[in-house]
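First comes the structure, then the notes that go with it.
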Amino acid sequence: MPLCPMRQMLDQARKRHYGVGAYNVNNMEQIQAIIGAAGETQSPVIIQASRGALEYTNLIYLKHLMAAAVEEHPELPIVLHLDHGPNLKLCQEAIGLGFTSVMIDGSIDYDTKTPEGKHPARSFEDNIRVTKEVVDYAHQFGVSVEGELGTLGGIEEDTHTDKVLLTEPAQVEEFCKRTGVDALALAIGTSHGAYKFKHEPILALDLISECRKRAPNTSFVMHGSSSVPQELIAEVNKYGGKMPGAMGVPISSIQEAVKRGIQKINVDTDGRLAVTAAIRKVFTEKPAEFDPRKYLGPARDSLQKLIASKMRDFGTAGHAGDYKPKSLRAMKNLYAKQAAPAQ
Ligand SMILES: [Zn+2]
């Protein structure tokens, strides 16, 4: 399937100062909604699957659903990306399936017996070692790599030491040079999930500008960038849900982050909210309904609407026709050229 390399997509976004959303998927309706939104707004798009999504979809289904998406919209640049790859092995598996991009999250040591969410942070040197290993492997196939420096977490939480959690701009240049990553996730105070902040969100936006200066040729990624729209939370709660106090990153902060040098914006929670709100509404208003199409259909429509509005807000809309996706073979040759010693 002719997917787009993420390196090329984010290079384009960096040159033209817009952000590209990376949306998580687990099933057919989500893929259709995201691709539908990209078609509607003529946007390049990154579709990403986490380790959990790969397990849920049994890999092969995801691969073929993506192939269907590309067949339906050959005019769109589409990246298939592995989100939070824990180790080389899973990255290799994703590359084998045809992913055009993988994330190796070397900031955290996933390979211990620690419960999910409590994994220890890796040292800077260990992060470089683990990340470089994946870059060396992936670039042989023309596949792009995203790394992560610093760990995610809210700035205002009491239990943290923010200097350790946030990305150190001084380390960014060295990390990018030594690993050769195409994209780097920065920790600027966002966190995953629907409960990012207790009060007004505080993001270290200055940090993006600092990092941008130090690594002008690497694209930057913002994780945990759902806005948690309060109207969706209200819908969820109105129809029997229980999500008090959920809060996210305002669109205006994301737009400022893009201005300062973020290219990839990860959004998962908002999609979950749109789907859940729509399904709850049907279940509450039509309790006799039992045809899955009657609630998965509205969920898909609601998700497409949400993603299309993000594509407009991030500035992605209208950029689908700007370039022709390069083949992985062309990318492989480019990487090989860069790696060759100067004559
Ligand atoms: Zn993430």
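Can you tell me which residues in the stretch 65-90 are among the hydrophobic types (A, V, I, L, M, F, W, C), free of Cβ contacts under 8 Å to residues at least 60 places away in the same chain and not in a helix (DSSP H, G or I)? Passing the criteria: only L82. With respect to the conditions (1) at pLDDT below 95; (2) in a helix (DSSP H, G or I), P341 falls short on a single one, namely (2). The number of residues in the stretch 231-255 being touching a strand residue (DSSP E or B) at 6+ places or on another chain (Cβ under 9 Å) and modelled with pLDDT of 95 or more comes to 2. Take I46 and decide whether it is surrounded by 17 or more Cβ atoms within 10 Å (Cβ to Cβ), β-branched (V, I, T) and within 16 Å of the ligand (Cβ to nearest atom). Yes; evaluated as a whole, the condition is true for this residue.
Among residues of the stretch 163-191 that are surrounded by fewer than 18 Cβ atoms within 10 Å (Cβ to Cβ), those with a Cβ under 8 angstrom from a residue that is assigned to a strand (DSSP E or B), sequence gap 6+ or separate chain, pair up as V164/A121; E168/L149; Q171/L149. Taken over the stretch 30-48, the criterion of being in contact (Cβ under 8 Å) with a residue 40 or more places away in the chain, in contact with a His (Cβ under 8 Å, 6 or more places away or on another chain) and under 19 Å from H223 (Cα atoms) is satisfied by P44, I46, Q48. On the stretch given as the stretch 62-98, residues that are within 16 Å of the ligand (Cβ to nearest atom), out of contact with any Phe, Trp or Tyr (no Cβ under 8 Å at 6 or more places or on another chain) and not aliphatic (A, V, I, L, M) total 3.
When G106, G52 are checked against the criterion of being at pLDDT below 95, within 16 Å of the ligand (Cβ to nearest atom) and surrounded by fewer than 16 Cβ atoms within 10 Å (Cβ to Cβ), G52 stands alone in meeting it. Close contacts from the stretch 124-140, counting a first residue that is closer than 9 Å to L88 by Cα and a second that is aromatic (F, W, Y), with Cβ to Cβ under 8 Å and a gap of 6+ residues or different chains, come to T131/F175. Considering (1) away from the ligand (no atom under 16 Å from the Cβ); (2) farther than 20 Å from L165 by Cβ; (3) among the aliphatic types (A, V, I, L, M), the lone condition that V267 does not fulfil carries the number (1). Beta carbons closer than 7 Å, at least 6 apart along the sequence or on distinct chains, pair a first residue in the stretch 226-251 that is without any contact (Cβ under 8 Å) to a residue 24 or more places away in the chain and surrounded by fewer than 20 Cβ atoms within 10 Å (Cβ to Cβ) with a second that is of a type in the set (A, V, I, L, M, F, W, C) and assigned to a loop (DSSP other than H, G, I, E, B) for N237/M243.
The values are calculated or read from the model by the stated rules, or taken from the named source; none is laboratory data. What you see is a predicted model; the values in this text were computed from it and never measured. No Cβ is skipped: glycine too gets one built from the backbone with ideal geometry, and neighbour counts run over all protein chains shown.
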